[in-house]
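Since the structure comes first, as structure tokens, the remarks are kept for the end.
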Amino acid sequence: MDLISACRMVLFPVQMLFHVVRASVCLLFPDRKKDLSREVVLVTGGGRGIGRHLAKEFSKQGAKKIILWGRTEKCLKETSEEISLMGTECYYFICDVANREEVYRQAKVVREKVGDVTILVNNAAVVHGKSLMDCDDDALLKSQHINTLGQFWTTKAFLPRMLELQHGHVVCINSILSQSPIPGAIDYCTSKASSLAFMESLTLGLLDCPGVGCTTVLPFHTNTEMFQGMRVRFPQLFPPLKPEVVAQKTVDAVRADKAFLYLPWTMHALVALKSFMPQIALEEIHKFTGSYTCMNTFKGRT
């Protein structure tokens, strides 16, 4: 081992300690949040659920323009009208993120009609709420194409221009189920785990790209139509999140350049427990909380 390598090994623990202390100080004294007045924000799945609240929250916090992508024109139009009444320019386009050619085609239309997207919010997702054997093959493929591959296509469509401008942000609305899966949602949990790996890799890959960042949001069960009918044993201890709260915390995290956001903060403890507890203990936790059967009453969007 040469002298330089030896010095690096000695300094490494000191560097880690410095970053931990720095992060702790930032929690107590957060930096000034970045201004959104020049930002053009595109939200996939922006017609309803968390996507609708995200679009409205970006508008509320000063974004210059909002672009909505989705598959249902009625929902997109209603959300667009709400945001326009808030005083923000808003545009919507019919786009299925699972369709690669359609994503690239609509991305070109967006650049020509609206301008460069500087904040991309990958929010579109589906869940079928069935076991592996009960889930139709096409439904399983649909989950992977929308929840995971859709992010590949949208990011490839808009990230190159952000890198040219040295200005941009990629946001992913993920789920705590990517790290703590439950039965009855195998398609969703798998796709979200893949999505998390995508974002972790992308975040590290952009470390040397000035002005371009990432934010991955991992919320607990959120009270939207998508997970309608899902039940936990102790709702008082584990209440579902309000979509407007998820939206507000997400926009705040983007403005603070926060890479990962767990909602609520207690989800950090869940991830930590998984790293060292034996499997049988984790199974008992699932039984206690009722997560084994929480999808038995699942209805989803009507």
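Derivation of every value follows stated rules applied to the coordinates shown; laboratory data play no part. Note that this is a predicted model, so its numbers are computed, not measured. Quick reminder, even Gly has a Cβ in these numbers, built from the backbone with ideal geometry, and neighbours come from all protein chains shown.
By other beta-carbon atoms within 10 Å, ranking Arg32, Arg71, Arg231 with the fewest at the front produces Arg32, Arg231, Arg71. Placing unit charges on the Cβ atoms of the charged side chains and taking the dipole of the chain about its Cα centre, the candidate lying farthest along the positive direction among Leu206, Val127, Pro264 is Pro264. Report summary: the helix-based calculation at 222 nm, which adds -39500 (n - 2.57) for every DSSP H run with n ≥ 4 and divides by the residues of the chain, gives -15500 deg cm²/dmol. Net charge dipole, the chain: roughly 540 debye, given to the nearest 20, about the Cα centre with Cβ charges of +1 for Lys and Arg and -1 for Asp and Glu. A Cβ-based charge dipole, computed about the Cα centre of region 143-278 with Lys and Arg at +1 and Asp and Glu at -1, lands at about 300 debye. Counted residue by residue at 0.36 nm each, then reduced by the alpha carbon distance between them, the extension gain from Glu78 to Asp134 reaches 16.7 nm.
Under the definition of Cα pairs under 8 Å and six or more residues apart, what whole-number percent is the relative contact order of region 138-221?
Values: 92 pairs, mean separation 33.7, N = 84.
Dividing the mean separation by the residue count of region 138-221 yields 40 percent.
Springs between Cα atoms under 10 Å define the GNM used for the chain, and in it the highest mean-square fluctuation of Ala197, Ala125, Ala98 occurs at Ala197.
In a Gaussian network model over the chain where Cα atoms closer than 10 Å are linked, find which of Ser80, Ser37, Ser178 has the largest mean-square fluctuation. Judging by the Gaussian network model, the answer is Ser37. Over all directions, the projected convex hull of the C-alpha atoms in the chain averages 18.6 nm² in area. Per residue, the average separation of C-alpha pairs within less than 8 Å and at least 6 apart gives region 34-289 a relative contact order of 18 percent. Once the chain from Asp252 to Leu204 is taken as fully extended at 0.36 nm per residue, the excess over their C-alpha distance is 15.2 nm.
The relative contact order of region 101-166 comes to 48 percent, based on Cα pairs under 8 Å that sit 6 or more residues apart.
Take the Cα of Arg231, step 7 Å toward its Cβ, do the same at Ile94, and the gap between the two points is 3.9 nm.
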